Amino acid sequence: MTSWLIGIALSIFFRLLPFIVGVIFWKRYNRGERALIVLFGFDVISIVIGAFLAYYYHNNIIVFHFYICTEIFVLSIFFQQYFYSSGAKKALKWIPKLYFILYLVYLLYTRQWFEDAPAFSAIEVIFIILLSAISLAQISSDDDNLIRQGRFWIVTGLLIFTLINGGYFIMNYWLISSNYELSASLQVITKYSYYFVNVLFALGLWLIAKEHKSITKA
């Protein structure tokens, strides 16, 4: 019980880092960055609700269903700033709506509200990897000094985290029932990946705020 609570506390702490930085410098961000900050806050709320459901009902999958749809919607807004084509921007506006409709139809039809949906997890993983890679290429072409670019750290964090954990997210439900020890080991990797990526998010938001401050002064 104690170790479980410590784990939850650490998860909340690291997820709060980028959210706190974002709130402090809120006025310096654009629409996409602010949407991302809102997602960080929603992530913290999801962890708290998920921990409550896991402890008292031993199943918090329904929280994941809500979170994954919200994440697709927010990331679509965030990634729009890296696409200059009007067609691509329109597609990014419609993708989360279509995703949500299909996801809702699936849940209503199967009534598997408390079970994973591997197909939709796979779609999300592909979505994040593809758009992160395209955005990273765009960021790299715009500026050679990537180390000081906050958006570089945010997009890189998204890409690395998804590449490391994407397979686990897709196969998690199957692994728990077929190979629990492997699932538990992968879960440890995911946990520390969350810690690492949220530090990158916080760093990225701080650098973006610093950059926008210097632009305003100029």
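What follows is calculated from the coordinates using simple rules that are stated; it is not laboratory data. Keep in mind that this is a model prediction, so the values were computed, not measured. Neighbour counts run over all protein chains shown; Cβ positions are idealised from the backbone, glycine included.
Among 155, 23, which comes first, then next, by fewest other beta-carbon atoms within 10 Å?
23, 155
Could you compute the FRET efficiency for residue 174 and residue 100, with r as their C-beta to C-beta distance and R0 at 25 Å, rounded to 0.05?
Calculated transfer efficiency: 0.55.
Run the quick spin-label model on residue 109 and residue 20: label points 7 Å from Cα toward the beta carbon, then report their separation in nm to one decimal.
Reported label-point gap for residue 109 and residue 20 is 4.5 nm.
Only Cα pairs under 8 Å and at least 6 apart count here; give the relative contact order of the stretch 72-218 as a rounded whole percent.
24
Tell me, what is the FRET efficiency for residue 145 and residue 88 to the nearest 0.05, using R0 = 41 angstrom and their Cβ-Cβ distance as r?
That gives a FRET efficiency of 0.95.
With labels modelled as points extended 7 Å from the Cα through the Cβ direction, what inter-label distance (nm, one decimal) is found for residue 126 paired with residue 182?
Label at residue 126, label at residue 182, 2.3 nm between them.
Angle, helix 118-142 long axis vs. longest principal axis of the chain, Cα atoms, 0 to 90°, nearest 10?
Once rounded, the angle reads 20 degrees.
Quick check on my link table: of 89/213; 191/213; 27/90; 27/97; 90/191, which ones sit more than 30 Å apart, alpha carbon to alpha carbon? Mind dumping the intermediate values first?
On the way: 89/213 27 Å; 191/213 34 Å; 27/90 26 Å; 27/97 28 Å; 90/191 35 Å.
Where the Cα-Cα span goes over 30 Å, the pairs concerned are 191/213; 90/191.
Using 0.36 nm per residue of separation minus the Cα-Cα distance, give me the extension gain between residue 30 and residue 190 in nm, one decimal.
Numbers: separation 160, 0.36 × 160 = 57.60 nm, distance 2.94 nm.
Working it through step by step, the gained length comes to 54.7 nm.
Taking every eigenvalue of the Cα gyration tensor of the chain, multiplying by 5 and rooting it, what semi-axes result, largest first, whole Å?
The equivalent ellipsoid of the chain has semi-axes of 30, 21, 16 Å.
By how many nm would the segment from residue 81 to residue 55 grow when fully extended, if each residue of separation counts as 0.36 nm and the alpha-carbon distance is taken off?
My answer for the length gained is 5.4 nm.
To the nearest 0.05, how large is the calculated FRET efficiency for residue 133 and residue 38 if R₀ is 25 Å and r is the Cβ-Cβ distance?
Computed FRET efficiency for residue 133 and residue 38 comes out at 0.55.
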